[in-house]
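Here the structure comes first, spelled out in structure tokens, and everything after it is commentary.
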Amino acid sequence: MLDMFPYPSGAGLHVGHVEGYTGTDVYSRYMRMKGFEVLHPMGWDAFGLPAENYAIKNKIAPAESTRGNIDNFRRQIKAINMSYDWEREIDSSDPSYYVWTQRVFILLWQQGLAYKKKAPANWCPSCQTVLANEQVVEGRCERCDTEVVQKDLEQWFFKITDYADRLIDGLDQIDWPKSTKLMQKNWIGRKVGAKIKFGEIDVFTTKPETILGATFVVVAPEHEFAKKCAKNNLEVEKYVKLSQKETNFSREKNIVKTGVFGGESVAHPLTGEKLPVWVADYVLAGTGTGAIMGVPESDERDREFAKAFGLPIKKYELYDKPLGEKMVTYHLRDWLVSRQRYWGAPIPMIYCDKHGWNPVPESQLPVLLPTDVDFKPTGQSPIALSNSFQKDVVCPVCGAQAKREVDTMDTFVDSSWYFLRFCDPKNTKQAWSVAEAAKWMPVDLYVGGAEHTVLHLMYSRFLYKVFYDLKMIDPKGGDEPFIKLRHQGTILGEDSRKMSKRWGNVINPDDIVAKFGADTLRMYEMFMGPFEATKPWSMAGVEGVHRFVGRIERLFDKVPPISSGVQLRQIDKLVKKVGQDIEEMSFNTAIATMMETLNVMAKSETLAFGVWEKFVLVLAPFAPNLADKLWGKMGKKGSVHKQNWPEYDESKARDEKVMVAVQINGRTREVVEEEEGLEGKVVKMDKIRKYIDGKKYKVIYVPGKVINLVVQ
Ligand code: ANZ
């Protein structure tokens, strides 16, 4: 039972965290009561920019502020009585953890899955670091919302594109929200099509059958052919230069199509007609071959372009013979993992003029983060300015003086394997042993925010598949890390706006615990609405749940369990319903049933032991403190949380059916189950209609017994 481990921010725990964590905690406690061994761990995704920015502002070392934040988070979580196995707590910024992140990096390098290359990268001018494509949202930095620019930089990449097909195909094997799967699929963006020669230009198309409608060819500004045209055409040269500044986002979204005629033409492969070659930035260099055939009759982007530049639009017939060569293209790019920032795991690589890049030798790991650094971002990694960091560094191959990599790893590397460390957190010989991981992996239920649909969840799947291929994972469990995934819904402020300091509508879980206790906080968050729905906070709702929690104990004291007390069939229904609801993560309906049941119990003069016993047991996963207290009051030994989930009597749990006779002039013609609006339904039944159609009749209904139709 895995929660996405939190980033321990200075703001402390959020009620949104509490929602997800309570959901998995209820589920974990329930599964333990059902006799399962449950691993329910917690730790800290502790590296990252905010701690570093905080350090810059307040002159506190990130290690120190992070430690304080972690202590606060742990205290807050413990106050809500989450049943985590604290023996397994991990901190991704601790050398005992990041030494393994560094070994993961080296492992990937040894497999040819990590490489350094100069490439146009997304650069955030405000954070002064590169960003992965996944961290650029609508052309802006996901963190600070600054417009991202393109910069040619030497960067480290993981070859996630090698796994593109498996990352798509694996989605069929897992129980995840549909929308999350779709987002991953679209992000990977596999397109199957054909590569077709138009003269010397290979175009890529997913619709080769439209070839007879092609009236022009367009190449991306980065395409070799565009560069060739630019050599003897000033206008093309200008256009190519200008488009270098633009990000793919603004290019894809560009509504007004721009472009220039390249000054050359190529022959249509079927008709031999001369087609003009244009250079335009709506064609992307990284997709397909970076060149297209323009079919303005059928393709909207091509039509816009043709209209803008007066190119012919031609009606045509579909071509039904095979054409060109099969080609598959992807939107997914390799994962850019290096960051020019301080607070991350140093990339464990050494550069020698003669031998290039090599991993830091095993005996010298971990490469510790130096502490003699100035945090101010300068565009290069702050570690570059450390005096100690490059001291006595030699090439692992020849022993000559060499230099360490000064970039750190993106924090998404830390979080893309942490669940495996939870399986074996104290292991000093391996990051995890195959046997320990096999006990728990794959994760049965993973709960976390929907904002991680592409980044974290795709990176984790990628690395897990690499580990699987290297036999670091028991093959019996398959190559998907998370079998079932659910996202807790966003909790809005009382004003239905996103909780934010700006609106002053942030609810601090500490305040709720102090005023109402942890049980009320847990119960309220599970009762607010469907687990995955977006829902506003309501203090009136908290108070309502608090009254319910109080009423349980008051009723217990007023009508305590006695051996001669009344048995209630509702209690068997409750046990059945709450068990089913927890398994479906329908926590709010489970609590609603507890409320209904308590109302029935309150009407009874006396209550049997069995009634209270079962009520307290089903309450235990939701309100662990009160359940334990009542368990004690019942004179039971030991904790309620060590008990088995109660059995229920199926015959009692089932809804009673009441049968009603349908009579025509006193003779029974049919027997039906009683339900709402029965009188209206009966007169529409074929068997009955033949007696009453076209006749006058009167209905006499004796609920629970008979409907008599008196026909004249
Ligand atoms: C001719 C054609 C006719 C196309 C037609 C589409 C519709 P979708 O369709 O979104 O999956 N394309 C190919 N390479 C491109 C590039 N580098 N940059 C921008 N667009 C590119 O995407 C596949 C289509 O996108 C391809 O099929 C191609 O246009 C265009 F009625 O070729 B098509």
- Message: Any residue at all in the stretch 151-171 that's at pLDDT below 95, more than 16 Å from the ligand (Cβ to nearest atom) and among the hydrophobic types (A, V, I, L, M, F, W, C)?
- Response: yes
- Of the numbered conditions (1) in a helix (DSSP H, G or I); (2) in contact (Cβ under 8 Å) with a residue 24 or more places away in the chain; (3) closer than 30 Å to Asp410 by Cα, Ile552 satisfies every one except a single condition; which is it? (3)
- Message: For the list (1) more than 20 Å from Ser93 (Cα to Cα); (2) of a type in the set (D, E, K, R); (3) away from the ligand (no atom under 13 Å from the Cβ); (4) at pLDDT 95 or above, I need the number of the one condition that Arg303 fails.
- Response: (3)
- Query: From the list Glu525, Glu532, which residue is under 30 Å from Gly10 (Cβ atoms), part of a loop (DSSP other than H, G, I, E, B) and of a type in the set (Asp, Glu)?
  - Reply: Glu532
- Mind counting the residues in the stretch 270-313 that are farther than 17 Å from Ala220 by Cα and in contact with a Leu (Cβ under 8 Å, 6 or more places away or on another chain)? 3
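Quick check, is Asp334 under 41 Å from the mean Cα position of the chain (by Cα), charged (D, E, K, R) and within 15 Å of the ligand (Cβ to nearest atom)?
Values: under 41 Å from the mean Cα position of the chain (by Cα): yes; charged (D, E, K, R): yes; within 15 Å of the ligand (Cβ to nearest atom): no.
Against the criterion (under 41 Å from the mean Cα position of the chain (by Cα), charged (D, E, K, R) and within 15 Å of the ligand (Cβ to nearest atom)), Asp334 does not qualify.
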- Item | Filter result (among the small types (Gly, Ala, Ser), touching a residue at least 60 places away in the same chain (Cβ under 8 Å) and under 15 Å from Pro8 (Cβ atoms)) within the stretch 64-97 | Ser92, Ser93
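Closer than 30 Å to Leu555 by Cβ, outside any loop (DSSP other than H, G, I, E, B) and modelled with pLDDT of 90 or more, is that true of Ile688? Step through it out loud before you land on a result.
Working: closer than 30 Å to Leu555 by Cβ: no; outside any loop (DSSP other than H, G, I, E, B): yes; modelled with pLDDT of 90 or more: yes.
Criteria not met by Ile688.
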- Message: So, in the stretch 397-427, how many residues would count as being in contact (Cβ under 8 Å) with a residue 12 or more places away in the chain, farther than 18 Å from Leu457 by Cβ and assigned to a loop (DSSP other than H, G, I, E, B)?
- Response: 10
- Go through the stretch 635-662 and give me each residue that's in contact with a Gly (Cβ under 9 Å, 6 or more places away or on another chain) and assigned to a helix (DSSP H, G or I). Val640
- Task: Go through the stretch 6-35 and give me each residue that's out of contact with any helix residue (DSSP H, G or I) (no Cβ under 9 Å at 6 or more places or on another chain) and either assigned to a loop (DSSP other than H, G, I, E, B) or acidic (Asp, Glu) (or both).
- Result: Gly35
- For Glu87: the one exception among (1) in a loop (DSSP other than H, G, I, E, B); (2) under 30 Å from Lys629 (Cβ atoms): (1)
- Scanning the stretch 287-300 for residues that are of a type in the set (Ser, Thr, Tyr) and out of contact with any helix residue (DSSP H, G or I) (no Cβ under 8 Å at 6 or more places or on another chain), the one farthest from the ligand (Cβ to nearest atom) turns out to be Thr289
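Report whether or not Pro346 is closer than 29 Å to Asp372 by Cβ, more than 10 Å from the ligand (Cβ to nearest atom) and touching a residue at least 12 places away in the same chain (Cβ under 8 Å).
On the way: closer than 29 Å to Asp372 by Cβ: yes; more than 10 Å from the ligand (Cβ to nearest atom): yes; touching a residue at least 12 places away in the same chain (Cβ under 8 Å): yes.
When the stated conditions are applied, Pro346 passes them.
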- Would you point out which residue out of Leu284, Leu323, Leu311 is on the phi < 0 side of the Ramachandran plot, near the ligand (Cβ under 9 Å from one of its atoms) and assigned to a loop (DSSP other than H, G, I, E, B)? Leu284
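Just one of Asn81, Asn58, Asn72 is farther than 16 Å from Phe622 by Cβ, of a type outside the set (A, V, I, L, M, F, W, C), surrounded by fewer than 23 Cβ atoms within 10 Å (Cβ to Cβ) and touching a helix residue (DSSP H, G or I) at 6+ places or on another chain (Cβ under 8 Å); which is it? Full working, then the answer.
Values: Asn81 fails: farther than 16 Å from Phe622 by Cβ; Asn72 fails: touching a helix residue (DSSP H, G or I) at 6+ places or on another chain (Cβ under 8 Å).
It is Asn58.
In the stretch 152-172, which residues are exposed (fewer than 15 other Cβ atoms within 10 Å of the Cβ) and under 21 Å from His331 (Cβ atoms)? Walk me through it before giving the result.
First, pick out the residues of the stretch 152-172 that are exposed (fewer than 15 other Cβ atoms within 10 Å of the Cβ): 152, 154, 165, 169, 172.
Once the filter is applied, which keeps residues that are exposed (fewer than 15 other Cβ atoms within 10 Å of the Cβ) and under 21 Å from His331 (Cβ atoms), the stretch 152-172 yields Asp165, Asp169, Asp172.
The values are calculated or read from the model by the stated rules, or taken from the named source; none is laboratory data. Keep in mind that this is a model prediction, so the values were computed, not measured. Here Cβ is always computed from backbone atoms with ideal geometry, including for glycine, and neighbour counts include all displayed protein chains.
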